[in-house]
């Protein structure tokens, strides 16, 4: 009687076991497996926010595969958190939007149809639809047996002994998940924005050093805006670990010992992850029917104004509860040295009206801001007085500001000399128990007209003024020559014609500069003889004009000893940049106007190059230059960008001949 019951139970067990096996999606893969980024992948879901996942492996709330947001023209190969039901189907497409916690190709998204291949050699390779290799684990020959997605969201390649050969946890991007460690030598780097996945290299980072855990803002050298110090006596590899309820530092000690320091985090009731944001905040997200920010870990220590870019660069941040951003203002002379990048978005910061330049230090000043400090004071000078601190910045070309901080009973203070100026902030001495004064170095507005490189005052305007001045000067010279010649001609005619009182002379030059009409008050018009028009048609010195124009566009002198040896001659730089197709790199980097109008400036460089042709017969006349500037004529297309003198070009042929340098008058052609 027992046998049927035993058989029945065994049969029921097989059914349940079979059902559970088929319901469980795969979380491992064998070698020689290929997946294509198409809708045919087993777990493809579109979400109402425009994002899409094409999952390859799924384990718990973690999935691994292709992810996109927005228009879905490009995809990340990534690990992401999704919401699933009891049947391990991805659900909550209207609220449970996928959260990417690791990606392999954040800087090189792939297209629809891209291929992921776990090769027989043990290497995991991502190829775009054109066949190009975008990313690889470089694990060929390391006895890889398969791929696994673990319970805590770690993508792993393992060998036949189940030993980890490669894991995504060793290559963090901008996130940590519970259980994950961030080791010394690794760092979190945020994306550029919520819609641009590209790594924000050179700005914010979170990393472990032999001193502790630090958040940095990129500068030269990097400036720490947050730090939890440990001890550097530990000989092991230092790390922090995201645990349930804390971010724990193991700098001096190591697990299973207690951590050195703990940053508290709310206990997790569901899926959590930690992310370094594009603005430098370190936030913890948790799923509670939708995704919420449950902690802003650095805020408790910093306050909003303590973030390096809370208000952008060159800006003053006031208030903690209600953040206010403003440009620094001089209280002594009422002159504005800074202006908002965007008046409607004050957090974008301020720009210098006239950029600082080492070539015009005699036109620099400092503005003093009382009770203003910085997010971090790393003393360049200790126990100095305020005047010594200020002068240290004045005498250092690279210094942007002097930030002086001192206690009420101190005979000296700390002096910090930043080379880049981020957000400054108001400081209440009654709260900080320290006094602070900031001196910001500024370039006097209008110093553009005295030295190189020039200010951000409209370069186009200044260039037009200079061109107009040059043209007026040339016309003045021509007018003077006309006057002399006509006067001589008039003197010759005085014997034949009566003298006319109140003598006056004016000129009318037609567009071709071939005729000069002179008129005398009270007399009929008189057409100048042919020999007079030849004075006008003679070529003016367009070579010098080309040099001046090029200097203005590039914001430097034609010959500059402060440049590296290979870049001291501007014409050599022009020739090299033309050959490499990089004329835009020559545009004056101190000028916002020049940079934003790059294509127009490059066209002006071509005008300058036309004027600088070593064969002077190929140079334009000034009237042709004016027509180009007016847009009625185009620049000659077949320009020679080899500005080497002909004698130097033929040195191999004429090496036995006289090598006397050519005169400047020959090089610049007719004047």
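Across region 25-171, counting alpha-carbon atoms alone, Rg and Dmax equal 14.5, 44 Å. By other beta-carbon atoms within 10 Å, ranking 624, 425 with the fewest at the front produces 624, 425.
Rounded, prolate or oblate for region 563-614? Axes are the square roots of the Cα gyration tensor eigenvalues, ordered a ≥ b ≥ c, and the cut-off for rounded is a/c under 1.5. Note, shape of region 563-614 comes out oblate.
Peptides 336-342, 566-572, 65-71 ranked from most to least packed by the mean count of surrounding Cβ atoms within 10 Å: 65-71, 336-342, 566-572.
Label positions at residue 243 and residue 140, each projected 7 Å from the Cα along the C-beta direction, are separated by 4.3 nm.
For a quick protection proxy, order the peptides 356-363, 99-106 by their average other-Cβ count within 10 Å, most packed first. Present the calculation step by step, with values, prior to reporting the outcome.
Numbers: 356-363: 16.2, 99-106: 22.1.
Put in order of decreasing packing, that is 99-106, 356-363.
Take 550-562, 379-391, 239-251 and order them by the average number of nearby Cβ atoms within 10 Å per residue, most first; the result is 239-251, 550-562, 379-391.
Segment residue 170..residue 370, full-extension length gain: 67.3 nm, with 0.36 nm per residue of separation and the alpha-carbon distance subtracted.
Each residue, residue 210 and residue 388, gets one label point 7 Å from its Cα in the Cβ direction; the gap between the two is 3.1 nm. In plain terms, the residue of 208, 602, 632, 293 with the fewest other Cβ atoms within 10 Å comes first and the most crowded comes last, giving 632, 293, 602, 208. Sorted fewest first by neighbouring Cβ atoms within 10 angstrom, 637, 438, 36 come out as 637, 36, 438. Modelled this way, with points 7 Å down the Cα-to-C-beta line, the labels at residue 597 and residue 324 are 3.7 nm from one another.
Going by Cα centres, region 565-605 and region 384-432 are how many Å apart? Computed from Cα coordinates, the inter-centre distance equals 37 Å.
Shape of region 311-449 from its Cα gyration tensor (a ≥ b ≥ c, root eigenvalues): rounded if a/c is under 1.5, otherwise prolate when a/b > b/c, or oblate?
On the way: a/c = 2.05, a/b = 1.14, b/c = 1.80.
It comes out oblate by the Cα gyration axes.
Applying 1/(1 + (r/R0)^6) with r as the Cβ-Cβ distance of residue 361 and residue 36 and R0 = 60 angstrom yields a FRET efficiency of 0.45.
Could you tell me what % of all Cα pairs in region 97-194 have separations over 17 Å? Above the 17 Å cut-off, region 97-194 has 58 percent of its Cα pairs. A straight chain from residue 621 to residue 268 at 0.36 nm per residue would run longer than the Cα-Cα distance by 119.4 nm.
Using R0 = 45 Å, the C-beta based FRET efficiency linking residue 633 and residue 582 works out to 0.95. Residues of region 334-373 with an amide N closer than 13 Å to a point placed 7 Å from the Cα of residue 561 along the Cα-to-Cβ direction: none. With a ≥ b ≥ c the root eigenvalues of the C-alpha gyration tensor of region 179-268, is it rounded (a/c under 1.5), prolate (a/b larger than b/c) or oblate? Oblate is the answer for region 179-268, as a/c is 1.5 or above yet b/c matches or exceeds a/b.
Would you mind getting me the FRET efficiency between residue 130 and residue 28? Use the beta-carbon distance for r and R0 = 30 Å, nearest 0.05. Could you put the intermediate results ahead of the total?
Values: r = 30 Å, r/R0 = 1.00.
Efficiency, from the Cβ-Cβ distance: 0.50.
Quick note: the coordinates plus some simple rules give every number you see, no bench work behind them. Values in this document were obtained by computation on a predicted structure and should not be read as measured data. All Cβ positions, even for glycine, are placed from backbone atoms using ideal geometry, and neighbour counts span all protein chains on display.
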